[in-house]
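Here's the structure we're looking at; comments come further down.
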Amino acid sequence: MSGIAIAEESTDSLESYASVPIAFTVSSRFRVEPVASGLEGFCFHEERVAEPYLKDYDAIRGEGPTRWRRWDLSNWGFLAAFVNKRRVGGAVVAWNTDGINMLEDRSDLAVLWDLRVAPAARGQGVGTRLMQHVEQWAQERGCRTLKIETQNINVPACRFYARGGCTLGAVLLHAYPELPDEVQLLWYKDLPVAETIGL
């Protein structure tokens, strides 16, 4: 898709940001199985789900962009993607914020908190452009690592992050007690050291 423009926004844009759906159809998943012996890790097998279903993170109670204001967002980055002035996607980066366990109390780590692309624009380079800007945003703040959470039911996202140079760093089988069939996957990407912008 040509003509993708990326703009940084403020928290005032969260309602507009939320207008881009994050929902996707789960038609396959990675079955994650511990290796039978030793400490050799896990095996991943992609398999079709018996009945495809819609997964919408924004529909989960207490979730969604307009509810992020319960945290201090002053150090977060809000990026939006536009094509012909039409909003087609966005990404949010969390950084240097108390109370966010994913940040591991590190000032040199940023978390890709959210990445979404409008259904009609998926697979056309919007996510890639957003990720480039996410990485640049984190580098400018002295971050050495970008951390990303996804699940084994989001096969397209897993493939996207792997293609983008991310490494699977953690597999948590019991991270979601209310969703026992979902496995948390944490991806990491090392970032080149860049000069900070004095924040």
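The values are calculated or read from the model by the stated rules, or taken from the named source; none is laboratory data. A quick note: this is a predicted structure, and the numbers were derived from the prediction, not measured. Heads up, the Cβs are rebuilt from the backbone with ideal geometry, glycines too, and the neighbour counts pull from every protein chain shown.
Please work out which residue is farthest from Ala7 (Cα to Cα), limiting yourself to segment 24-43 and to residues that are in contact (Cβ under 8 Å) with a residue 40 or more places away in the chain and of a type in the set (A, V, I, L, M, F, W, C).
Phe42
Select the strands (runs of 3 or more DSSP E) contained entirely in segment 1-118, then report the ones holding at least 2 residues which are of a type in the set (A, V, I, L, M) and within 15 Å of the chain's Cα centre (by Cα). Steps first, please.
Details: elements: 4-9, 24-34, 42-55, 77-83, 86-95, 109-117.
Hits in segment 1-118: 77-83, 86-95, 109-117.
List, please: which pairs have Cβ atoms under 7 Å, are six or more places apart or on different chains, and start with a residue in segment 119-134 that is under 17 Å from Thr145 (Cα atoms) and end with one that is assigned to a loop (DSSP other than H, G, I, E, B)?
Met131/Gly164
Please specify each residue of segment 120-138 satisfying the condition of being assigned to a helix (DSSP H, G or I), of a type outside the set (Val, Ile, Thr) and touching a strand residue (DSSP E or B) at 6+ places or on another chain (Cβ under 9 Å).
Ala120, Ala121, Gly127, Arg129, Leu130, Met131, Gln132, His133, Glu135, Trp137, Ala138
From the list Val117, Val183, which residue is aliphatic (A, V, I, L, M), more than 16 Å from Ile22 (Cβ to Cβ) and buried (at least 21 other Cβ atoms within 10 Å of the Cβ)?
Every option except Val183 fails the conditions.
Specify the residue that is nearest to Cys158 (Cα to Cα); the eligible residues are those in segment 177-192 that are modelled with pLDDT under 95 and not aliphatic (A, V, I, L, M).
Of segment 177-192, the ones modelled with pLDDT under 95 are 177-181, 192.
From what's left, not aliphatic (A, V, I, L, M): 177-178, 180-181, 192.
Numbers: Pro177: 21, Glu178: 22, Pro180: 19, Asp181: 17, Pro192: 22 Å.
Only one residue fits best here, namely Asp181.
Of the numbered conditions (1) more than 27 Å from Glu47 (Cβ to Cβ); (2) in a helix (DSSP H, G or I); (3) basic (Lys, Arg), Arg159 satisfies every one except a single condition; which is it?
(1)
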